1. So which residues in region 1-16 are surrounded by 14 or more Cβ atoms within 10 Å (Cβ to Cβ) and basic (Lys, Arg)?
2. Residues being of a type outside the set (A, V, I, L, M) and within 15 Å of Glu100 (Cα to Cα): count how many of those fall in region 67-79.
3. Using the structure shown, decide if Ser85 is in a helix (DSSP H, G or I) and either out of contact with any His (no Cβ under 9 Å at 6 or more places or on another chain) or at pLDDT 90 or above (or both).
4. Which of the following residues is touching a helix residue (DSSP H, G or I) at 6+ places or on another chain (Cβ under 7 Å) and closer than 19 Å to Lys29 by Cβ: Leu86, Leu124, Leu141?
5. For the condition in contact with a His (Cβ under 8 Å, 6 or more places away or on another chain), within 30 Å of His142 (Cβ to Cβ), surrounded by 13 or more Cβ atoms within 10 Å (Cβ to Cβ) and of a type outside the set (S, T, N, Q), what is the one hit in Gly19, Gly32?
6. Go through Arg30, Arg57 for me and flag whichever is basic (Lys, Arg) and touching a strand residue (DSSP E or B) at 6+ places or on another chain (Cβ under 8 Å).
7. Where the second residue is of a type in the set (Gly, Ala, Ser) and part of a strand (DSSP E or B) and the first is without any contact (Cβ under 8 Å) to a residue 40 or more places away in the chain and lies in region 13-31, which pairs have Cβ atoms under 9 Å and are six or more apart or on separate chains?
8. Here are Ala119, Ala105: which of them is at pLDDT below 95, surrounded by 19 or more Cβ atoms within 10 Å (Cβ to Cβ) and either under 30 Å from Arg14 (Cα atoms) or under 24 Å from the mean Cα position of the chain (by Cα) (or both)?
Amino acid sequence: MKLNFVVDPKSNSRIERIGNEESGIFEIKRYGYLRVKERAFVQATILESAFDGNPVRDVMEVIAAGEKVNIKEAGSLVQGFVVGSLPQKKKDALSKKYGEQILSAFRHSQLQTATENLAGITALLMYRHDPNWTISDTMELHPVIEEQLTQLYLDERSGSLGAIDDTTLQESTDLESSEEKKN
């Protein structure tokens, strides 16, 4: 079913070139957002991966209780531990008590991010390039293509029109202006 728009939506999409001479180059559409079916695919893939809970939050709660600080302070301790900004004595004490839990939580977080990016790349290719594309196909991509598609996915997820150049946006504005003059 198509919507009967009173005002047609703006078309701010453009064709994006992905790859280089070594990896090969192909074209894919950039909309400036993820479509519903793309977001749904990513969410379903993450759910199927069975990532339970929030291990980073869990370790923050353990540290908050153990160190008798609030959750925000525990978060600062975890962040300081990971980036190395804590005094050595404090880092050693946290490492002794919670080091394995902290590292395990961040490994889990990194795995979840990698799974989301893999699903995002697959969704873009499946819904914008080849309807028969699979996650297995994504696993075979050249690293340059993977990197560029990951960036495209992250841009689209955040609603970024950053890579849609000003001439495309200007053409849309010019078209609107000429249509308004007709009316």
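1. The initial filter retains those residues of region 1-16 that are surrounded by 14 or more Cβ atoms within 10 Å (Cβ to Cβ), namely 12-14, 16.
Matches in region 1-16: Arg14 only.
2. Step one: list which residues in region 67-79 are of a type outside the set (A, V, I, L, M), which gives 67-68, 70, 72-73, 75-76, 79.
Restricting the remaining residues to those that are within 15 Å of Glu100 (Cα to Cα) gives 79.
Residues flagged as of a type outside the set (A, V, I, L, M) and within 15 Å of Glu100 (Cα to Cα) within region 67-79 amount to 1.
3. Numbers: in a helix (DSSP H, G or I): no; either out of contact with any His (no Cβ under 9 Å at 6 or more places or on another chain) or at pLDDT 90 or above (or both): yes.
No: the conditions fail for Ser85.
4. Details: Leu86 fails: closer than 19 Å to Lys29 by Cβ; Leu141 fails: touching a helix residue (DSSP H, G or I) at 6+ places or on another chain (Cβ under 7 Å).
None of the other options fit; the residue is Leu124.
5. Working: Gly32 fails: in contact with a His (Cβ under 8 Å, 6 or more places away or on another chain).
Of Gly19, Gly32, the one residue that is in contact with a His (Cβ under 8 Å, 6 or more places away or on another chain), within 30 Å of His142 (Cβ to Cβ), surrounded by 13 or more Cβ atoms within 10 Å (Cβ to Cβ) and of a type outside the set (S, T, N, Q) is Gly19.
6. Working: Arg57 fails: touching a strand residue (DSSP E or B) at 6+ places or on another chain (Cβ under 8 Å).
Every option except Arg30 fails the conditions.
7. Short answer, once both residue conditions are applied: Ile25/Gly19.
8. Details: Ala119 fails: at pLDDT below 95.
Only one candidate passes the filter, namely Ala105.
The values are calculated or read from the model by the stated rules, or taken from the named source; none is laboratory data. Given the structure is predicted, the values throughout are model-derived calculations rather than measurements. Please note: Cβ atoms are built from the backbone with ideal geometry, for glycine as well, and neighbour counts cover all protein chains shown.
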